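Notes to accompany the following structure.
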Amino acid sequence: MNSFSTRSRAGAIAGLFLAIAAVGGCANLPWAEKPLSETPYTPIDAFAQNQQMGRGVAVLSEDPGWSDPAKARFKPRYFKLIHDAGFSTVRMVLTTFDHMDGELKLDPQYLARLDRMVKAALDQGLTVILDEHDYEICGKDAVLCRAKLNAFWSQVALRYKDAPNKLVFEMLNEPHQAMTAEMWNAQLVETLAIMRATNPTRNVVIGPDNWNGIEALPKLVLPPDDQHIIATFHYYHPMEFTHQGAAWVPQYDKLGVGWGSDADYALLNKELDSVKAWADVNHRPIFLGEFGAYENGAMADRAKWTYAVARGAEARGFSWAYWQFDKDFIVYDIDKDAWVEPILHALIPLADKISEATR
Ligand code: BGC
């Protein structure tokens, strides 16, 4: 038994409408009052959307500009660089729980900056995934997570309900620990209902518990009658290679771990095949939402792994987003104002750029 199964259904639904009403009224509705894009919303099939998402990159994670715009590292002009480099999607990494007041209302300044970022990215023709990324809080306290996650989506879904279909919602990054599979399967139904109250057909990205891990996919229960869902997973295997020496996972402290043996490729293919098999049985498009190898590995091996994962995903029809543009695992060096070329070319092979330019 968990807190979801003991909670009354009526109580949950009442809470849901209260949450929507609390922010619904005549709150800030930029798209309703003054659309940030002239393109109207039109429904798009989840498989078609996923194909269009193609190649992406995570942006804006822990950017100091979310708290103080004067300190921002990420500048809207990077969206053009990202587009011109060959990406078609940005995954906006949003840690929003600290930007809510006592009544769980999101800071208007935060939302105004989000509007500007969303508009700047859409203007470049990019698909924008709004990724709620407070997974650390959610991993510790599922009750607090429930309140804040629902409050976030009731406000953000309403705010962007008329945005073009290139805006996609990602419910929650990497549910884990306190958010067990059972709790997450209940939570996602509840949060999806909040989204659907204002966005009945917008595509929503949802992944399994256990950090969106492949092994947890079989436990993920998505509502069968909602076909506007794109399933996601994250891939960092083997952790001994991708996270060597990363401070937040001290168990992988051994440096000098390489990648690229036949056995390494075989494991990668086997694991990606298992995701494809799940997708086929469950009839869901797949978004590989995060993958990357941390800076401590040898660049040649990092590039080889990145290339193999990206091509492996593409060969199976998955869209993907590399982790990440700036901060760590970087594909763009903001301080030098230059791409990290081995990683960029692993993600977007030069040959693809040339054939696109000559088409
Ligand atoms: C986390 C990052 C972490 C990355 C790889 C992401 O989901 O937000 O903090 O660096 O996963 O471990």
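Dividing the mean sequence gap of close Cα pairs (under 8 Å, 6+ apart) by how many residues region 228-286 holds gives a relative contact order of 39 percent. In this structure the amide hydrogen of V168, modeled in the peptide plane, comes within under 5 Å of the amide hydrogens of V128, I129, L130, none closer than 5 places in sequence on its chain. Rank A266, A121, A147 by mean-square fluctuation in a GNM of the chain with C-alpha springs under 10 angstrom and give only the top-ranked residue. Among A266, A121, A147, the largest mean-square fluctuation in the Gaussian network model of the chain belongs to A266. For the chain, complete DSSP H runs whose alpha carbons reach 20 Å or more along their own long axis and whose mean Kyte-Doolittle score is -1.0 or higher are 9-24, 108-123, 142-159, 181-198, 262-282, 299-315. Under a Gaussian network description of the chain, with springs only between Cα atoms under 10 Å, the residue in P200, P250, P238 that fluctuates furthest is P250.
Calculated mean residue ellipticity, 222 nm, the chain: -13500 deg cm²/dmol, from DSSP H runs (n ≥ 4) at -39500 (n - 2.57) each, averaged per residue and rounded to 500. Phi angles across region 329-344 convert, under the Karplus curve 6.51 cos²θ - 1.76 cosθ + 1.60 with θ = phi - 60°, into 3J(HN,Hα) values of 6, 5, 9, 10, 9, 5, 5, 9, 6, 8, 5, 8, 4, x, 6, 4 Hz, Gly and Pro given as x.
Close amide-amide hydrogen proximity is noted between W339 and D333, each under 5 Å apart and 5 or more residues distant or on a separate chain (H modeled in the peptide plane; Pro and chain starts excluded). Under the criterion of Cα pairs below 8 Å and six or more residues apart, the relative contact order for the chain equals 18 percent. Each part reduced to its alpha carbon centroid, region 256-291 and region 178-254 end up 15 Å apart.
Using a Gaussian network model on the chain with a 10 Å cutoff between Cα atoms, which of I206, I348, I194 fluctuates the most? Evaluated over the chain, the most mobile residue of the options is I348. 3J(HN,Hα) couplings calculated from phi for region 205-215 with the Karplus curve 6.51 cos²θ - 1.76 cosθ + 1.60 (θ = phi - 60°) are, in sequence order, 8, 9, x, x, 5, 6, 6, 6, x, 3, 4 Hz; Gly and Pro show x. With R₀ fixed at 30 Å, the C-beta to C-beta distance from E356 to D45 puts the FRET efficiency at about 0.80.
For E314 and E182, a Förster radius of 25 Å and the Cβ-Cβ distance give a FRET efficiency of 0.15, rounded to the nearest 0.05. Relative to one another, the C-alpha centroids of region 90-148 and region 292-359 are positioned 25 Å apart. Note on Y307 and E62: with the Förster distance fixed at 25 Å, the Cβ-Cβ geometry gives a FRET efficiency of about 0.40. Binning the alpha carbon pair distances of the chain at 20 angstrom intervals from zero yields the distribution 30, 61, 10, 0, expressed in whole percent. Taking a point 7 Å from the Cα of D141 along the Cα-to-Cβ direction, the residues of region 65-108 with backbone N closer than 19 Å to it are 95-107. For region 236-241, backbone phi angles converted through the Karplus equation (6.51, -1.76, 1.60; θ = phi - 60°) give residue-by-residue couplings of 9, 7, x, 4, 4, 8 Hz, Gly and Pro being listed as x.
A short reminder: the numbers here are calculations on the coordinates, not readings from a lab. Please read all numbers here as calculations on a predicted model, not as lab measurements. Reconstructed Cβ throughout: ideal geometry from the backbone, glycine too, with neighbour counts over all protein chains shown.
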